[in-house]
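These notes are about the structure you will find just below.
Computed from the coordinates by the stated procedures, all read-outs in this text should not be read as laboratory data. Given the structure is predicted, the values throughout are model-derived calculations rather than measurements. All Cβ positions, glycine included, derive from the backbone under ideal geometry; neighbour counts span all protein chains shown.
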Amino acid sequence: MPEHLPPLPEDRTFPIGCIGAGFIMADCHLPAYREAGLNVVAIASRRETAAREVAARHAIPTVHTDVAALLDDARIAVVDIAVPPDIQPSIIQEACRRSHLRGILAQKPLAGSCAEAASLVRACREAGKTLVVNQNMRYDHAVRSCGNLLARGVLGEPVLGTIEMRAIPHWMEWQQRQGWVTLRIMSIHHLDTLRYWFGQPRRIFTAVRSDPRTSLRFAHTDGICTSTLEYDSGLIGTSLEDVWAGPAREGAEADCFVRFRVEGTHGLALGTIGWPAWPERVPSTLDVSTTAGGWQRPRWPESWFPDAFIGPMAELLRDLEGTQPATCTGEDNLLTMALVDAAYRSAEEHRAVDPAEVLAEAGVG
């Protein structure tokens, strides 16, 4: 298996039940699972008609009339949840009450706060369920390859890591009832990726302003966001989410992209993420220059959407079969949730915040 791809489970017969029939499930999860030969046996959604349409499209044999019926299906070993974050916690709690379910794949954000997420992690632990969170940007092949370079020390000691996004997402209607936009939806990808590369920072300073375009739909504070992460080693990480990206929807020419740059004492990695071109399938790229040689520019056919979505499910199944423990677990994700909550606090209080503050308040030691 090439190292830019996550390893797949040896046993691909685990029966998977899917909850949700929106874009993420229909266009990302299920195509990735089909390509990997996983065993999706049932689906349910708030709207049965939507579940039936997705089942027909992906040859899923069973459509349940509601979520409870799917959770009660004793054939299912793993439940894959793709619903809004204010609905997801109750489904996870219900899944914990089904003895036949062994694993749960949940969406990011796991919940609306680190404290609520911590209660879900405890519930899964007490019920003996393996919980993995779908932080799928970790499994983009350029992001993963950069992580491998860092883990092997090819870039030397990390000095500066930057992720810059200038792109206009497709916002979901449920965000209006949440009252937030970018930090828990887009920034969470980048903050989790910086954690994946470098570990948990000592503090974060975040500044936000509203997105002029989204402000026409509903009031919010976290539109355009910029965060600086400080590490004890001296490393600085930065993340910028410019979801306005200029008046491209209002008549100007667009300049949309997601790029990352990692500088180390022995090398430099430059990456691009092809997601802003969706639905066009554009692979991410990675260019690497080290003190040992010139530029290396590997290229792969895979793209973040949908190929990276096999990563979290593959980790969950490999954990269940005993091949390798999952890394993107609920416990690990609490560190990302704490970092996001710390970003909100930083923006509100205009100060740098240690994520440990949030974890302590959530009862996470």
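Things to note:
- The value for the range 247-365 of Rg(Cα) / (2.2 N^0.38 Å) is 1.43.
- Coupling constants for the range 282-288 follow from the phi torsions by the Karplus curve (6.51 cos²θ - 1.76 cosθ + 1.60, θ = phi - 60°), and in residue order they are 10, x, 6, 10, 9, 10, 10 Hz; glycine and proline get x.
- Charge dipole (debye, nearest 20) of the range 30-80; +1 at Cβ of Lys and Arg, -1 at Cβ of Asp and Glu: 140 debye
- Pairwise centroid distance, computed over Cα atoms, of the range 1-37 with the range 134-212, Å: 22 Å
- Lys, Arg +1 and Asp, Glu -1 on Cβ, resulting dipole of the range 1-135 about Cα centre, debye, nearest 20: 160 debye
- Computed on the chain, with alpha-carbon pairs under 8 angstrom and 6+ residues apart, the relative contact order is 21 percent.
- Fraction of antiparallel bridges per DSSP, the range 9-81 only, in percent to nearest 5: 0 percent
- Between the C-alpha center of the range 345-365 and that of the range 268-292 there is a gap of 32 Å.
- Among the trypsin sites (Lys or Arg not before Pro) in the range 91-164, those located in a DSSP loop and surrounded by at most 13 other Cβ atoms within 10 Å of their own Cβ are R97.
- Fully extending the segment from R261 to R249 would add 1.6 nm, taking 0.36 nm per residue of separation and subtracting the current Cα-Cα distance.
- For the range 210-274, with +1 on Lys and Arg beta carbons and -1 on Asp and Glu, the positive-most of G234, H220, T265 along the dipole: H220
- 0 to 90° range, to nearest 10: angle between helix 114-127 axis and the chain longest Cα axis: 40 degrees
- The range 92-228 shape via C-alpha gyration tensor axes, a/c threshold 1.5: oblate
- Value of [θ]222 nm, deg cm²/dmol, for the chain, DSSP H segments ≥ 4, -39500 (n - 2.57) each, nearest 500: -9500 deg cm²/dmol
- Only Cα pairs under 8 Å and 6+ residues apart enter the sum, and on that basis the relative contact order of the range 3-161 stands at 21 percent.
- Over all distinct Cα-Cα pairs of the chain, the Kirkwood formula returns a hydrodynamic radius of 21.0 Å.
- Farthest toward positive dipole pole in the range 23-124 [+1 Lys/Arg, -1 Asp/Glu at C-beta], among V78, P89, Q107: V78
- The range 164-292 shape via C-alpha gyration tensor axes, a/c threshold 1.5: oblate
- Each Lys and Arg contributes +1 and each Asp and Glu -1, all at the Cβ; summed about the Cα centre of the range 302-350, the dipole is approximately 0 debye.
- Rounded to 10°, Cα long-axis angle of helix 330-349 versus longest principal axis of the chain: 50 degrees
- Taking all Cα pairs closer than 8 Å and separated by 6 or more residues, the relative contact order of the range 1-85 comes to 38 percent.
- Along principal axes, Cα extents of the range 284-323, largest first, whole Å: 42, 23, 10
- Taking only the C-alpha atoms of the range 208-247, Rg followed by Dmax gives 13.4, 43 Å.
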